[in-house]
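**Q** Please read through the structure below; I'll follow up with questions.
Values in this text are rule-based calculations from the coordinates and carry no lab data. Bear in mind the structure is a predicted one, so any value in this text is a computation, not a measurement. All Cβ positions, even for glycine, are placed from backbone atoms using ideal geometry, and neighbour counts span all protein chains on display.
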Amino acid sequence: MDGPMPTETKPGAPFEIDYDHVNVAEIMALIQKAAAEAPLAEAWEETAPRDPAQPASTLSPQASMPAPPAPGGTDWSPEPQGLKPKLKRILRKIMRPFFPVMRLLAFPVHEELRAAVKSLHDTNVRLDNLYRLLHLQAEKFERDLEIERTRLEIEQKRKDRGEHRLDLIEERLKDLDTSMAYIRLLHNLDHNLVVELTKLKIETDTLKSKFRILEKDQEFLQNREKALEERTSK
Amino acid sequence: MTIAFVVQRYGLEINGGAELHCRWVAEHMRKYLPVEVLTSCAHDYITWRNHYPEGDEVINGITVRRFPVTKPRSPEKFGRLQNAILENEHAEKDELAWLEEEGPTSPKLIHFIRKHASDYDYFIFFSYRYYHSYWGIHAVPGKSILVPTAEHDPVIHLKIFRDLFRMPRAFVYNSEEERAMIQSLSRNEDVPGLVVGVGTEVPSSYSAERFRRKHEVKGPYILYIGRIDQNKGCPHLFDHFLRFKKDTGSDVKLVLIGNTVLKIPSHPDVRFLGFLSEEDKFDALSGAELLVMPSFYESLSMVTLEAWALGRPVLANARCEVLKGQCLRSNGGLFYENYGEFREALKLILSDPRLRAVLGENGKAYYSANYTWDIIEHKYLAIMNALGAKP
């Protein structure tokens, strides 16, 4: 029996695949759907390395590399069990109100504050830089957008001109149809005229023949008349 | 009637994509036309330091004329300059200063091209982004054919290149995506161009068993071939693969072939084998479940074509439009944009031998229809015939 083979599903395979006409675009649509629906769907986005031209020695190879999970790592347990950890927890609970005082004594607060302010300052500088870049990028996008808009307008005008030309061509086609009908009628008329002319020609020839016969008859009668007249006069 | 191939580096031991591409094409075109190669004395693409002696030598029957690099590249200075022009508003002279720093700066090469322009019918320039192509095309625009080997990297947006793309007599593109990118950037639709790419030499015999025995690889494995580098997307590949192993409990291994500039995760199922011979490479490919190509930037992945030539499917990074386009056109591979898609695609290919076989067959058919040397050679000849230089 001819016709497309039925789509097959392999046991264990999550998708229905037509193996005789494998279409990667269709398979990818199924994969993307499955990836989106999977409970572990990742929000993590891949980012391309910014500078492919930069020589390898100047790259920071580990910069964007997410830390791979430790192979063979043990399962994480929320609370350690046993007497010692329990005592530690109780002691930590008792000491908790004194933690701020201990930190105050142990670490100079101004150092911490300075570190925090420095960190904030660094963040600000980075944000300023990012803002500047964003601004530049936005300007570039705007310029590109403007160029695209102009290009689109030109395309639109070109399209309009094309449509107008199409209308003209349609009108000319209609005229052409009418002309063709006229030509067909003229052709028929020509044909009929030829037939009529042929008939007239035949008629003329017939009449000429009849005329010649009549002339001969007349000549005969004239000769007879003369003979009779001669005989009568004798 | 002579054709000159102009490329940044040239030599039997140079394995860079565009350089190898140029050498293979030159060696194949030698059958039809007298061919010469004009190049620099550099061997190292980071500094372009002079390594080979200046002058002529013959490599595989082709005369190679080498010209010295007058100013080696300082990677730090170049990196700073590049960041400055990519992140700030700048003038054209800044871009030219960047180009000068990028190198390989060889004024003698450009002078030779200008002086001997009449000795050659066409100059075929490889790699748009280097000094030799930019100034070489400016020297002989009417005789230049550019093989841009362009990737989707930020420098392609520089103004000097938009103008450059309108100058050559013709283009030889590596892929439809490359042509679309260059045309959309420079509006150079009126410059004739053909998508050609490059062929590959597949050995007559290869053996997966030999590879497994030699390198003690057991069980199913997926294969990465190429420089192990951040730009090639390898950190993401490691992360995705290890998460895949953890999520699915699969016994598949990741085998890595190539030189590395990255720290490779220490995991029993990640096997790094270093740089291998061509024979080992094809042996490894023939036994792999699939070839994985995590690269973000490719103008044409030769190793993907090699995988397809051997009937192996490919799992590619969809962020690379060329790889994605090739997978869609060939129906020879799947692609992924994030970990979720990587997991689902890899799970599907590994679990379904029939799909693997069909994808591999489709890839092989695509390779045979577009990338055998016979087809590539005739496309080059067709371009030159169309331009009027009948061999």
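**Q** Suppose the Debye formula is applied to equal point scatterers at every Cα of chain B; what is log10 I(q)/I(0) at q = 0.10, 0.11, 0.12, 0.14 Å⁻¹?
**A** Log10 I(q)/I(0), no solvent term: -0.68, -0.82, -0.97, -1.28.
**Q** Per residue of B:227-237, what is the mean number of Cβ atoms on other protein chains within 10 angstrom of that residue's Cβ? Provide the component values of the computation, followed by the final result.
**A** Numbers: counts 1, 1, 5, 13, 10, 2, 3, 2, 9, 8, 0.
The mean count of partner-chain Cβ atoms within 10 Å per residue comes to 5.
**Q** Going by Cα centres, the stretch A:195-234 and the stretch B:134-206 are how many Å apart?
**A** If we compute the Cα centre of each part, the gap is 99 Å.
**Q** State, as an integer percentage, the relative contact order of the stretch B:291-391 based on alpha-carbon contacts under 8 Å between residues 6 or more apart. Write down the numbers at each step before the final one.
**A** On the way: 135 pairs, mean separation 26.8, N = 101.
Relative contact order for the stretch B:291-391 comes out at 27 percent.
**Q** If you don't mind, another one. In the stretch B:259-313, which trypsin sites (Lys or Arg not before Pro) fall in coil by DSSP and have 16 or fewer other Cβ atoms within 10 Å? Before the final figure, lay out the partial values.
**A** Working: sites: B:263, B:271, B:281; in loops: B:263.
Taking the stretch B:259-313 and a limit of 16 other Cβ atoms within 10 Å, the loop trypsin sites (Lys or Arg not before Pro) found are B:263.
**Q** Ordered by residue, what ³J(HN,Hα) values in Hz, to whole numbers, does the stretch B:58-69 give under the Karplus form 6.51 cos²θ - 1.76 cosθ + 1.60, where θ = phi - 60° and Gly and Pro are x?
**A** Values per residue, Gly and Pro as x: 10, 10, 6, x, 10, 6, 10, 9, 9, 10, x, 8 Hz.
**Q** At a Cα cut-off below 15 Å, give the aspartates and glutamates reachable from residue A:33, other chains included and same-chain residues fewer than 8 away excluded.
**A** A:16, A:42, B:337, B:341, B:344
**Q** On a C-alpha basis, how far is the centre of the stretch B:1-78 from the centre of the stretch B:369-385 in Å? Whole number, if you could?
**A** The distance from the Cα centre of the stretch B:1-78 to that of the stretch B:369-385 comes to 22 Å.
**Q** Going by amide H atoms built from the backbone, whose H comes under 5 Å of the H on residue B:152, apart from near neighbours?
**A** Correct list: B:298.
**Q** Out of residues 5 or more away from residue B:105 or on other chains, whose amide H comes under 5 Å of its own, with H placed 1.01 Å from N in the peptide plane?
**A** Result for residue B:105 returns B:70, B:71.
**Q** Give the percent of DSSP beta bridges with both residues in the protein assembly as shown that are antiparallel, rounded to the nearest 5. Walk me through the numbers on the way to the answer.
**A** Details: 9 of 49 bridges.
Of those bridges, close to 20 percent are antiparallel.
**Q** For the stretch B:1-44, run through the trypsin sites (Lys or Arg not before Pro) and keep only the ones in DSSP coil with at most 13 other Cβ atoms within 10 Å of their Cβ. Intermediate results must be reported in sequence, preceding the final value.
**A** Working: sites: B:9, B:23, B:30, B:31; in loops: B:9, B:30, B:31.
Hits after loop and neighbour filter: B:31.
**Q** Now for a separate question. Using amide H atoms built in the peptide plane, which far-off residues or other-chain residues are under 5 Å from residue B:50 H to H?
**A** Placed amide hydrogens put B:69 under 5 Å from residue B:50.
**Q** Note down the net charge around residue A:150, summing +1 for each Lys or Arg and -1 for each Asp or Glu among other residues with Cβ under 14 Å from its Cβ.
**A** Working: positive: A:143, A:149, A:151, A:157, A:158, B:187; negative: A:142, A:144, A:146, A:148, A:153, A:155.
Net charge around residue A:150: 0.
**Q** With the Cα gyration tensor of the stretch B:168-251 giving a ≥ b ≥ c as the square roots of its eigenvalues, does the rule (a/c under 1.5 for rounded; else a/b larger than b/c for prolate; else oblate) give rounded, prolate or oblate? Display every interim value, and only then the final one.
**A** Values: a/c = 3.99, a/b = 1.82, b/c = 2.20.
Judged from the Cα gyration tensor, the stretch B:168-251 comes out oblate (a/c at least 1.5, b/c at or above a/b).
**Q** Shifting gears a bit: Beyond 31 Å between alpha-carbons counts as too far, so tell me which of B:245/B:281; A:157/B:324; B:31/B:108; B:246/B:324; A:140/B:263; A:118/A:140 fall in that bin.
**A** Values: B:245/B:281 25 Å; A:157/B:324 34 Å; B:31/B:108 29 Å; B:246/B:324 27 Å; A:140/B:263 37 Å; A:118/A:140 33 Å.
Violating the 31 Å limit, Cα to Cα: A:157/B:324; A:140/B:263; A:118/A:140.
**Q** May I pose another question? Taking residue B:115 as the anchor, which lysines have their alpha carbon closer than 18 Å to its alpha carbon, excluding any fewer than eight residues away along the same chain?
**A** Cross-link targets: B:143.
**Q** Using θ = phi - 60° and the Karplus relation 6.51 cos²θ - 1.76 cosθ + 1.60, list the HN-Hα couplings for the stretch B:329-344 in order, rounded to whole Hz, with x at every Gly or Pro.
**A** Each residue's phi maps through the Karplus curve to give 5, 8, 6, x, x, 10, 8, 9, 10, 8, 4, x, 6, 4, 4, 5 Hz.
**Q** I want the local charge near residue B:182. Using Cβ-Cβ distances under 14 Å, sum +1 for each Lys or Arg and -1 for each Asp or Glu among the other residues. Before the final figure, lay out each step's value.
**A** Numbers: positive: B:129, B:162, B:166, B:179, B:187; negative: B:151, B:153, B:163, B:176, B:177, B:178, B:189, B:190, B:321.
After counting each charged neighbour, the total is -4.
**Q** Sticking with this one: Please compute the modelled spin-label separation between residue B:278 and residue A:174, points set 7 Å along Cα→Cβ, answer in nm with one decimal.
**A** Computed distance between label sites residue A:174 and residue B:278 equals 7.0 nm.
**Q** Okay, next question. For the protein assembly as shown, what does the helix formula give at 222 nm: sum of -39500 (n - 2.57) over DSSP H segments with n ≥ 4, over the residue count, nearest 500 deg cm²/dmol?
**A** So the calculated ellipticity at 222 nm is -17500 deg cm²/dmol.
**Q** Reachable lysines from residue A:208, Cα under 20 Å, same-chain residues fewer than 8 places away excluded?
**A** A:199, A:216
**Q** Sticking with this structure for a sec: Determine the principal axes of the Cα atoms in the stretch B:208-370, then give the extent along each, sorted from largest to smallest and rounded to whole angstroms.
**A** 39, 34, 30
**Q** Share of Cα-Cα pairs in the protein assembly as shown beyond 35 Å, in percent?
**A** Values: 112195 of 195000 pairs.
Pairs farther apart than 35 Å: 58 percent.
**Q** If you plug each phi of the stretch B:244-259 into the Karplus form 6.51 cos²θ - 1.76 cosθ + 1.60 with θ = phi - 60°, what whole-Hz ³J(HN,Hα) values come out, in order, with x for Gly and Pro?
**A** Taking θ as phi minus 60°, the curve returns 4, 4, 5, 6, 9, x, 5, 9, 5, 10, 10, 9, 10, 10, x, 6 Hz for the stretch B:244-259.
**Q** Three principal axis extents, largest first, for the C-alpha atoms of the stretch B:212-272, in Å?
**A** Extents along the principal axes, in whole Å: 30, 28, 16.
**Q** Which order do the peptides A:168-177, B:378-387, B:328-337 take when ranked by the mean count of other beta-carbon atoms within 10 Å per residue, highest first?
**A** Details: A:168-177: 9.7, B:378-387: 16.0, B:328-337: 22.6.
The peptides rank, most packed first, as B:328-337, B:378-387, A:168-177.
**Q** DSSP loop (so not H, G, I, E, B), at most 12 other Cβ within 10 Å: list which GluC sites (Glu not before Pro) in the stretch B:179-222 pass both filters. Display every interim value, and only then the final one.
**A** Details: sites: B:189, B:201, B:209, B:216; in loops: B:189, B:201, B:216.
Listed in order of number, the matching sites are B:189, B:201, B:216.
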